[in-house]
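The values are calculated or read from the model by the stated rules, or taken from the named source; none is laboratory data. Everything numeric in this text was worked out from a predicted model, so none of it was measured. Glycine gets a Cβ as well: all are built from the backbone with ideal geometry, and neighbour counts include every protein chain shown. Side chains are part of the model used for accessible areas, which takes the heavy atoms of the whole protein and leaves out ligands, DNA and RNA. Shrake-Rupley method; radii C 1.70, N 1.55, O 1.52, S 1.80 Å.
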Amino acid sequence: MLIRLLFAPYTCMGAQASRVETTRRVVSTNKIKGLIMRGYESLPEVIGKRLHELKVDPKELCLTISADISKEGLFGERWLLVNKERLFVLSTNEEKASLDYDLPLSKIKEIRAEPLVGNGVLEVRTKEEQTIELLHYSNALERKFTRVATKIQKIIKNEEDLREEEDEFEEDHCPNCGLMLPKGTKVCPHCLKKGKTIKRLLVYMKPYRQEVFIVALLMFLTTALDLFPPYFTKILIDDVLTPRKNIRLLIILVLVLLAARLFSTLFAIIRGRILARVGMNLTFDVRSELYQCLQKQSLSFYDKRQTGALMSRVTRDTEQLLSFMVDGIPFFFVNGMILIGIGVVLFAINWRLASLVFIPAPLVILCTHLFWQRFRVALHKYWHRWAQIGATLGDVLSGIQVVKAFGQEKREIHKFNEKSGSLMQAGIEVEQLFSTVFPGLAFLTVLGTFIIWYVGGIDVIAGRITLGTLIAFLGYLGMFYGPLQALTRFSDWISRALTSSERIFEIIDSQPEILDAPDAIPLPNIEGNFEFKNVSFSYDKNKPVLKGINLKVKSGEMIGLVGKSGAGKTTIINLVCRFYDLDEGSLSLDGVDIHKVKIKDLRRQIGIVLQEPFLFSGTIAQNIAYSKVNATPEEIIRAAKAANAHEFIMKSPDGYDTQVGERGKRLSAGERQRISIARAILHNPRILILDEATASVDTETERQIQEAIARLIKGRTTFAIAHRLSTLKDADRLIVFEEGKIVEAGTHEELLRKKGNYFNLVQLQRKLSQLKAVE
Ligand SMILES: Nc1ncnc2c1ncn2[C@@H]1O[C@H](COP(=O)(O)OP(=O)(O)OP(=O)(O)O)[C@@H](O)[C@H]1O
Ligand SMILES: [Mg+2]
């Protein structure tokens, strides 16, 4: 029933399809929004026709989803349709839709969306253990297809829930035009307001006004100088070479030509050098502003975005902007000026010949345009394959141990060769296209020259123009078509650069969610009294993580947080550090609402040992001193000793100068943990947070660290989380969490006596350790 209702606007499709000629879909934004929400996208008429032929009732489809990569791996439209019994994949073009797959759902064992690097693939595993790649989609649609796979899986298992969240598919679309947004950005390339972005870029140029003016002037001069030589050649031929006299003029002309070339070279050098400086400074400004904004963002900002995508904003997008500023804009101006300049000169010399010059021009423009359209597709395919290789390589190399352990080298080699082979094919296509079209274009260009040779030649013979005029003409002509070809590519270039800038501005403009309140209170000396009143919190609005938490923590108290994995222990700590803001209720620190405390004051007085200790590449000493930049070596060693790290540090040949490697991967997990404890100790905080601080160390080391921690927690408010419950025995109070709620609180002994959740957890662990002991 619901399906029918949702599908109502398209019920006419099957019957009327044959009468409708156009295949274009005209769908208003609202319609797209309304339909995509639940996985129904409006179908093109050609699909309606095809479904009619296949005797499939479009009203019974429960999923109609479009993908953006064609069967051939190019950008193009493909459709995935599912009804209660079958799954179809169709390719469409303007005239028809062809059926690629028609699978009964009963044959499908599993369906999944596999992310690759540049794209993703929707894969089916049949009950006969056969894998079928149903379709590919660009990264922009990754989230959509992940959900689609889940949904189909549900349909297969007959557990599809039609009461799904309202905005399930909506957020991927531009609210303005309804088109799919590229992944990880809210910038719609379609709706991009070019004028506004250019204006903003100009603001960045402001500090370099003088340089920009000089560069523009130099470009103008260079262009003017470049226009000299053919004209002087004309004088040379007409006044010196043809009459065979006037050596003085010859010398002057050669000198003038030499000087023109010399100055134009000189100007080009100066221009290039200034531009390099301006361009680099400009990107430095943009990049550093971008990085500052990234540092300011709250954790929720990072939760929603991929690190890779953010990195590409700082690296690739700023680089694109640089190349546009340094190469693109001057290229455009110089070529534009040359074109205008030459056009004017040509008409000034001889308007009749000049008008002939323009005969092949439309052809050159048209061919270049067409070529780029095709070339772009081929290039996309090529990059796409590169991305696939990247994905395979990244995946396999990081899991090389697994490959070797299961003896799958041959299979991986085969898989790689397959991908590499398709890259080769795409590469051949790109190169061949290039090497066919460019000589072709060059030929078209020369065509104009032939016309001028012929018509101009006749004019010379008839004495209507001089030989010099003809030669000058041909000279200008040689300079004319190149810029013409180049300028047809400019719109492509500009739209890419503007999209990059817009993606950069998107980050610069996004307001951090966690900010100091305007009336924030400085708390230079925190005592460490916390009070949670009816606190509720969720990372995603559909899934509450903490529900109605009430908890009072006194200054200097050690609180142990226990509970099953995913119960919300780390989340409590995230709220204490104000990494996230609460949804409901209040959290106060020393009687002040935590939202009113200056974030800097709060974080400065918190020492935290994270569940997954993170070290930066550098030395051990640098990592310990991360919390206190000006720490003396003595302080660092004292902290390391307290964390029980000193001994193992001294055993390595470089001691405190040992390089820890990227993310500290050259140390063992236990060693990393001890260094991060030392870091927290050195910080000397009022509030100490230990999230599984001793999870990766052996019992003996744990005991030693426990002692260190016991010394450390004196007089500080401490939140400690541990799965190994024995670790928390000495806590003043244990808080037991279950599914985001506090279910018990009390000391170790009290809770044991109570024989509730904590008692059960302890019993369970005892049994497990006994089992281990028996083994
Ligand atoms: N950044 C996040 N975005 C969305 N959901 C999250 C995020 N971090 C945690 N969650 C979810 O919140 C719930 C509670 O997570 P939390 O990290 O607080 O559990 P935990 O009690 O610390 O578990 P563990 O003992 O395994 O560390 C989990 O269901 C988890 O999936
Ligand atoms: Mg945790």
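Quick look at the values:
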| item | result |
| --- | --- |
| Single residue of the stretch 529-554 satisfying the filter (farther than 14 Å from Gly591 by Cα and of a type in the set (Phe, Trp, Tyr)) that is nearest to the chain's Cα centre (by Cα) | Tyr539 |
| Filtered residues of the stretch 198-242 (kept if in contact with a Gly (Cβ under 9 Å, 6 or more places away or on another chain) and not β-branched (Val, Ile, Thr)) | Ala224, Asp226, Leu227, Pro229, Pro230, Tyr231, Lys234, Leu236, Asp238, Asp239, Leu241 |
| Test for Glu671: is it of a type in the set (Asp, Glu) and closer than 20 Å to Glu612 by Cβ | yes |
| Failed item, numbered, when Lys729 is tested on (1) open to solvent by 10 Å² or more (accessible area, probe 1.4 Å); (2) on the phi > 0 side of the Ramachandran plot; (3) free of Cβ contacts under 8 Å to residues at least 24 places away in the same chain | (2) |
| Qualifying position, being farther than 17 Å from Leu202 by Cα and assigned to a helix (DSSP H, G or I), among Phe284, Phe332, Phe324, Phe301 | Phe301 |
| Sole exception among (1) within 16 Å of ligand 1 (Cβ to nearest atom); (2) open to solvent by 80 Å² or more (accessible area, probe 1.4 Å) for Asp581, by number | (2) |
| Qualifying position, being of a type outside the set (Ser, Thr, Tyr), away from ligand 2 (no atom under 15 Å from the Cβ) and in contact with a Leu (Cβ under 9 Å, 6 or more places away or on another chain), among Leu728, Leu688, Leu682 | Leu688 |
| Checklist (1) under 24 Å from the mean Cα position of the chain (by Cα); (2) at pLDDT below 85; (3) open to solvent by 80 Å² or more (accessible area, probe 1.4 Å) applied to Arg287, failing item | (2) |
| Test result for Phe450, of a type in the set (Phe, Trp, Tyr) and open to solvent by 40 Å² or more (accessible area, probe 1.4 Å) | yes |
| Search result, residues across the stretch 690-703 that are part of a helix (DSSP H, G or I) and either surrounded by fewer than 18 Cβ atoms within 10 Å (Cβ to Cβ) or under 37 Å from the mean Cα position of the chain (by Cα) (or both) | Thr699, Glu700, Arg703 |
| Selection within the stretch 349-377 - within 34 Å of the chain's Cα centre (by Cα) and among the aromatic types (Phe, Trp, Tyr) | Phe371, Trp372, Phe375 |
| Residue within the stretch 522-530 that is touching a strand residue (DSSP E or B) at 6+ places or on another chain (Cβ under 8 Å), within 21 Å of Asp601 (Cβ to Cβ), open to solvent by 50 Å² or more (accessible area, probe 1.4 Å) and of a type in the set (A, V, I, L, M) present | no |
| Residue count for the stretch 617-630, restricted to those that are open to solvent by 60 Å² or more (accessible area, probe 1.4 Å) and modelled with pLDDT of 90 or more | 2 |
| Filter result for the condition that a residue is surrounded by fewer than 13 Cβ atoms within 10 Å (Cβ to Cβ), at pLDDT below 85 and more than 30 Å from Gly468 (Cα to Cα), over Leu181, Leu192, Leu162 | Leu162 |
| Conditions (1) within 13 Å of ligand 1 (Cβ to nearest atom); (2) surrounded by fewer than 17 Cβ atoms within 10 Å (Cβ to Cβ); (3) under 22 Å from Phe301 (Cβ atoms): number failed by Gly568 | (2) |
| Test: residue in the stretch 549-556 that is loosely packed, with under 15 Cβ neighbours inside 10 Å and within 15 Å of ligand 1 (Cβ to nearest atom) | no |
| Test: Leu227 is within 48 Å of the chain's Cα centre (by Cα), assigned to a helix (DSSP H, G or I) and under 21 Å from Asn350 (Cβ atoms) | yes |
| Candidate set from the stretch 631-665 (those that are buried (at least 16 other Cβ atoms within 10 Å of the Cβ) and outside any helix (DSSP H, G or I)); member that is nearest to the chain's Cα centre (by Cα) | Val660 |
| Residue within the stretch 378-394 that is of a type in the set (D, E, K, R) and exposed (fewer than 14 other Cβ atoms within 10 Å of the Cβ) present | no |
| Options Ala722, Ala669: the member that is crowded, with 20+ Cβ neighbours inside 10 Å and aliphatic (A, V, I, L, M) | Ala722 |
| Residue among Gly468, Gly440 that is of a type outside the set (Val, Ile, Thr), assigned to a helix (DSSP H, G or I) and open to solvent by less than 30 Å² (accessible area, probe 1.4 Å) | Gly468 |
| Criterion (within 18 Å of Ile636 (Cβ to Cβ) and surrounded by 23 or more Cβ atoms within 10 Å (Cβ to Cβ)) met by exactly one of Arg711, Arg674 | Arg674 |
| Whichever residue in the stretch 494-521 is open to solvent by less than 80 Å² (accessible area, probe 1.4 Å) and among the acidic types (Asp, Glu) and, among such residues, is modelled with the highest pLDDT | Asp516 |
